[in-house]
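Q: Following this message is one structure expressed as structure tokens.
Just so it is clear, none of the values below were taken in a lab; they were calculated from the coordinates. Because the structure is predicted, anything quoted here is derived from the model rather than measured. Here Cβ is always computed from backbone atoms with ideal geometry, including for glycine, and neighbour counts include all displayed protein chains.
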Amino acid sequence: MRALNYGTLLILALSLCAGEGNAQSGYGLWLGVKPASGERSASYKKQLSALLFPVTNEMDSIAKQELLSALNGLIGHTPKQVDAIQEEGTILIGTPSTLPHLAREAVAAHLPLMGTEGYGIYSITVLEKPATVILANTTNGILYGTYAFIGLLQRNEDISSLAITSQPKVELRLLNHWDNLDRTVERGYAGFSLWDWHRLPGYRDPRYTDYARANASIGINGTVLNNVNANALMLTTAYLEKAAALADVFRPYGIRVYLSARFSAPVELGGLENADPLNPAVQRWWADKVAEIYGHIPDFGGFLVKANSEGQPGPQNYGRSHADGANLLADVLKPHGGVVMWRAFVYEDTEPEDRAKQAYNEFKPLGGTFRDNVIIQVKNGPIDFQPREPFHPLFGAMPRSQLMTEFQITQEYLGFATHLVYLGTLFSETLQADTYADGPGSTVARIVDGSLNGQAITAIAGVANTGTAINWTGHPFAQANWYAYGRLAWDPDLDAAGIAEEWLRLTFGNDASFINALLPIMMRSRETTVNYMTPLGLHHLMGWDHHFGPGPWIRDKPRADWTSVYYHNASKDGIGFDRTATGSNALSQYSSEVRALFENPQTCPDEYLLWFHHLPWDFRMKSDETLWEALCRHYYNGVEEVAAMQTVWEAQRGKVNDTIFREVTDLLAMQHKEAKLWRDACVLYFQQFSDMPIPEGLEPPEHPLEYYEQLKFHFVPGI
Ligand code: BDP
């Protein structure tokens, strides 16, 4: 008996510890609430003393629960629920149909600016009593408005004179999961896939709800469940039932499910002879399959397709074009309201003279030939999610077709889930890049939000960085990248620093000294990584296949454009890829203003110098250093900046919980080690060609080049 009691106590104690651990782990993302400061708490209590929130459906009910539980955590108090305004300090939440009298208030004038997903949050006076209103045309807007309001409270904002009207600028705001049916995640560094296919549809892991909640809180409204390197099995009835179970969980959070479709599925699943898009039997097969999908998932969003790229099947296998392939699927989805996101990340079968030119070469001639429910999904840059790339030349080049941007949130080329790299700056850099397609101000953001070309369907995609890791993303700061992507999908013109600050406050609280210390680090972190990996426009220097660590020496692979030497072209006479008229002339794919910016090495911004130019080692930089000296300086600065990050983080001891403090401390130490590995390997490798000394005062690499070249990394995640 005594033993049993002891055992029970032990279990209880352990589970309490586990609970504590869970709260400390970062599982709660940016949604955790901490008590508001004394003064704020008192004013919030007064301003939010009563709640008038008619609930008409599950989504409303979620929003209401969120608000009540947030208030409980913030001010230890939940407002009295009322049916009519009785006192000052009432918060009213609803649509013109659930709160008809609001339609008579002046704030109703803002409703046309809210569209179907937007919201307004206003401080008003009703019946001569000060009140707060969250107003929207739809329940989706109410959900987003409620999350936004909770965010204000979490950030300790003054809510006495609110006048916020917000509407997403992009209609389809999607995550792309590169999740396989065996639960591995291609380029995933945060554990296995969240989707427990084996136990679906029978068991719905509560984590699916937490996933939906996190996404809804930042406005993400769609998710592609499976890898773009798609398995046709995803389209079988058994898997559609599983996908439907996920869709059921996500629906009340405003999230629609999409699937990656394998183009050859009619052959693999339907037993047809081919998957030729002009074959009537193939067309029938897809029409039936799509009808079946809508039987399972009535609000199914549509297909994402990777075709004729990296070995994936596609219309070109039958001599047809990308437009033929995309339109086949578009036609069968159209009656159900679905869309096709057709990826422009393509590879010719033959080796190209410059891989950066391929997507443009293949897609530009097809401009205007896609159906109106096709959106061409274009990676942010012309190669492949490198630490820095110029914007993709297709942006601005296909005004008669609908385009969307694909970003990579998972850090395939930016240190996996080990390096602290805030990607809000990378995303913004692309979004704010000016294509000059229609004169100055023709930013990528304006193509994504449809305002430049009057594009009817607007969309954006981010390759997810989530997995079964307890904190979702592996690195605690990688949560910021999920957050930033969602915020920029809502409004591509938001400021990356503003988003980072929001995230820091929501995640860690409002301690000004902590925010002031961490914000500059986050804002600098991507540039730091570029410095120690691929400075001055270098790209594609990573390890072979697994993409971990440096591999500038990679050569002699099945295709030249899978090697590093193809991209950096280092030799005794210099380094860099000549993409001007004397080289591949990839620059000709950009407008004349962009060409003018990049084509002269004397004026080309340093960030893109070796992307566009092949230059001698003694080329004089704007800084008056030689190219070689500048290259070394960037590599060494990168490592020093990581060391500076470590110092700043160390000073935060006691300001964040121990679990996260220790995790970030250890990860920064790993980042420092890996940054040095990158620096030393690259500097030594390039030095054989420059024949110049590492500038004085910089510590020499620890080992000779051969040491770095022979390093092997086994079972690197994400392959
Ligand atoms: C590359 C990844 C590869 C993806 C491919 C894609 O290494 O795993 O399949 O992108 O986007 O960056 O299709």
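Q: Once you list every other residue whose beta carbon is under 14 Å from the beta carbon of residue 528, what net charge do they have if Lys and Arg are +1 and Asp and Glu are -1?
A: +1
Q: Do the sum for the chain: with -39,500 (n - 2.57) for every DSSP H run of n ≥ 4, divided by all residues, what is the mean residue ellipticity at 222 nm, to the nearest 500 deg cm²/dmol?
A: Result for the chain, helices only: -12000 deg cm²/dmol.
Q: Still on this structure, I have one more. Between residue 97 and residue 182, with labels modelled 7 Å along Cα→Cβ, what's the label distance in nm to one decimal, could you check?
A: 4.8
Q: Membrane-span-like helices in the chain: DSSP H runs reaching 27 Å or more (Cα, own axis), mean Kyte hydropathy at least -1.0?
A: Membrane-span-like by this criterion, though nothing is claimed about a membrane: 2-24, 512-533, 627-650, 658-690.
Q: Can you order the peptides 26-32, 377-383 by their average number of other Cβ atoms within 10 Å per residue, highest first?
A: Descending mean neighbour count gives 377-383, 26-32.
Q: Can you tell me the dipole magnitude for the chain around its Cα centre, using point charges on the Cβ only (Lys, Arg +1; Asp, Glu -1), in Debye to the nearest 20?
A: So the magnitude is around 1640 debye.
Q: A 24 angstrom limit on the alpha carbon distance is what I want to check against. Which of 306/364; 289/357; 289/379 exceed it?
A: Pairs exceeding the cut-off: 289/357; 289/379.
Q: Distance between Cα centroids, the stretch 294-331 to the stretch 183-210: provide it in whole Å.
A: When both Cα centres are located, 25 Å separates them.
Q: Contact order normalised by length for the stretch 172-503, with contacts defined as Cα pairs under 8 Å and 6 or more residues apart; what percent is it?
A: Worked out over the stretch 172-503, it gives 18 percent.
Q: In the chain, what is the volume of the convex hull around the alpha carbon atoms, normalised per residue and reported in Å³?
A: Here the figure is 187 Å³ per residue.
Q: Among the lysines, which have Cα under 28 Å from the Cα of residue 64 when same-chain residues fewer than 8 positions away are ignored?
A: Cross-link targets: 34, 45, 46, 80, 129, 169.
Q: Now a separate question. Between 195, 342, 442, whose Cα lies farthest towards the positive end of the dipole of the stretch 172-503 when Lys and Arg beta carbons carry +1 and Asp and Glu beta carbons carry -1, centred on the Cα centre?
A: 195
Q: Please state, to two decimals, what the Cα-based radius of gyration of the stretch 172-503 comes to when divided by 2.2 N^0.38 Å (N = residues).
A: Normalised Rg, Cα atoms only: 0.94.
Q: Taking N as the number of residues in the stretch 645-698, what is its Cα Rg relative to 2.2 N^0.38 Å?
A: 1.64
Q: Before anything else, pin down the relative contact order of the stretch 2-165: Cα pairs under 8 Å, at least 6 apart, normalised by residue count, whole percent.
A: 23
Q: Using 0.36 nm times the number of residues separating residue 593 and residue 236, minus their current alpha carbon distance, what extension gain do you get?
A: Between residue 593 and residue 236, full extension yields an extra 123.6 nm.
Q: Which order, highest average first, do 442-450, 563-571, 231-239 follow once you tally other Cβ atoms within 10 Å for each residue and take the mean per peptide?
A: 442-450, 563-571, 231-239
Q: So the label point goes 7 Å from the Cα of residue 65 along Cα→C-beta, right? Which residues of the stretch 191-216 then have their backbone N under 19 Å from it?
A: 203-216
Q: Suppose each label sits 7 Å from its Cα in the direction of the beta carbon; what would the residue 513-residue 710 distance come out to in nanometres?
A: 5.0
Q: Now for a separate question. Give, as ranges by residue number, the residues of the stretch 562-592 whose backbone N falls under 19 Å from the point 7 Å along Cα→Cβ of residue 600.
A: Within reach of a label on residue 600, which here means backbone N under 19 Å from a point 7 Å along Cα→Cβ, the stretch 562-592 contributes 579-583, 587-588, 590-592.
Q: Ranked highest first by the average count of other Cβ atoms within 10 Å around their residues, in what order do 490-498, 455-463 fall?
A: Descending mean neighbour count gives 455-463, 490-498.
Q: Here's another thing I want to ask about it. Please give the contour-minus-distance gain from residue 696 to residue 673: 0.36 nm per residue of separation, less the Cα-Cα distance, rounded to one decimal in nm.
A: Using 0.36 nm per residue and subtracting the Cα-Cα distance, I get 6.1 nm.
Q: Excluding same-chain residues fewer than 8 positions from residue 712, which lysines have a Cα within less than 23 Å of its Cα?
A: Within the straight-line cut-off, residue 712 pairs with 557, 673, 676.
Q: Relative contact order, percent, of the chain when contacts are C-alpha pairs under 8 Å separated by at least 6 residues?
A: 11
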